[in-house]
Amino acid sequence: MSVNVLVLYDNQGGQVEALAQAVAEGVSRIQGAQAIVRDLSSASPEDLLDADSIILGTPNWNGITGRLKSWLDDMSDLGREGMLEGKICAAFTAGWGQSSGTEFTLLSLLHWGLSWGMIIVGLPWTDRMAVSGSFYGATVFGTMSPDDAEQAKILGSRAAQMANYLKAGGMTSIF
């Protein structure tokens, strides 16, 4: 059995792409998981529908970028129709300051998943969390460090692993 994990990101400012690649590398650690990496400019609604897990990324511009918000707004019919319900959602962001709202940005991304009936996957506490990442997802402050890259890989692996788990056991709507 295989799962498709969509790593969808907005690379405005050029800081997020390396983090997206690290997330995808983490996905590839899980047997049967395939990462589909899409910059927002090449993404389609079908990418969302074909994915078992969706990992959203954006630069931290005091929240998500306007371009990503607009794209997600345009996809809201998929959520309202329940077409994304039961899929995994996770998030990552990159910014230039450690106290510049990265957790708010992650929570904003995860809000989309919650509103679409998705299942949220974050990062558990480890000693690495003292220098990188957040419970809510993977982060970078400035240039990506090895700890940042490992947190992103762990996030990708967790999202793929949970998608495998759900696909193997199945999940049905309660409605």
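The values are calculated or read from the model by the stated rules, or taken from the named source; none is laboratory data. The structure displayed is predicted, hence computed values, not measured ones. When we count neighbours, we look across all protein chains shown, and the Cβ atoms used for this are built from the backbone with ideal geometry, even at glycine.
For this structure, a couple of remarks:
- Those residues of region 135-157 which are in contact with a helix residue (DSSP H, G or I) (Cβ under 6 Å, 6 or more places away or on another chain) and either of a type in the set (Gly, Ala, Ser) or outside any helix (DSSP H, G or I) (or both), in sequence order: Tyr136, Gly137, Ala138, Thr139, Val140, Met144, Ala149, Ala152, Gly156, Ser157
Okay, residues lined up against (1) more than 15 Å from the chain's Cα centre (by Cα); (2) of a type outside the set (S, T, N, Q):
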{"position": "Thr105", "(1), (2)": "no, no"}
{"position": "Arg128", "(1), (2)": "yes, yes"}
{"position": "Ser132", "(1), (2)": "yes, no"}
{"position": "Phe135", "(1), (2)": "no, yes"}
{"position": "Ala149", "(1), (2)": "no, yes"}
{"position": "Lys153", "(1), (2)": "no, yes"}
{"position": "Ser157", "(1), (2)": "no, no"}
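- Only one entry of Gly79, Gly63 meets the criterion of being at pLDDT below 95, within 17 Å of the chain's Cα centre (by Cα) and in a loop (DSSP other than H, G, I, E, B), and that entry is Gly63.
- Here Ile119 fits the description: closer than 20 Å to Asp50 by Cβ, surrounded by fewer than 20 Cβ atoms within 10 Å (Cβ to Cβ), of a type in the set (A, V, I, L, M) and in contact with a strand residue (DSSP E or B) (Cβ under 8 Å, 6 or more places away or on another chain).
- Members of region 34-51 found to be closer than 16 Å to Val16 by Cα and either polar (S, T, N, Q) or without any contact (Cβ under 8 Å) to a residue 12 or more places away in the chain (or both), listed by number: Ser41, Ser42
- Every residue from region 82-109 that is small (Gly, Ala, Ser), under 21 Å from Val140 (Cβ atoms) and outside any helix (DSSP H, G or I): Ala90, Ala91, Ala94, Gly95, Gly97, Ser99, Ser100, Gly101
- Tabulated pairs, region 52-64, first in contact (Cβ under 8 Å) with a residue 12 or more places away in the chain, second surrounded by fewer than 21 Cβ atoms within 10 Å (Cβ to Cβ) and in a strand (DSSP E or B), C-beta under 6 angstrom, 6+ apart or interchain: Asp52/Asn4
- Checked against (1) touching a strand residue (DSSP E or B) at 6+ places or on another chain (Cβ under 8 Å); (2) at pLDDT below 95, Met1 passes all but a single condition, namely (1).
- Residue pairs whose Cβ atoms lie under 9 Å apart, sitting 6 or more positions apart in sequence or on different chains, and linking a residue in region 18-33 that is on the phi > 0 side of the Ramachandran plot to a partner that is crowded, with 17+ Cβ neighbours inside 10 Å and in a strand (DSSP E or B), are Gly32/Val3.
- Of the candidates Gly101, Gly86, the single residue that is surrounded by fewer than 23 Cβ atoms within 10 Å (Cβ to Cβ) and touching a residue at least 60 places away in the same chain (Cβ under 8 Å) is Gly86.
- Evaluated against (1) under 25 Å from Leu166 (Cβ atoms); (2) surrounded by fewer than 22 Cβ atoms within 10 Å (Cβ to Cβ), Gly13 falls short on exactly one condition, (1).
- Cross-chain or 6+ apart pairs with Cβ under 9 Å, region 65-78 first and surrounded by fewer than 12 Cβ atoms within 10 Å (Cβ to Cβ), then assigned to a helix (DSSP H, G or I) and not basic (Lys, Arg): Asp74/Pro45; Asp77/Pro45
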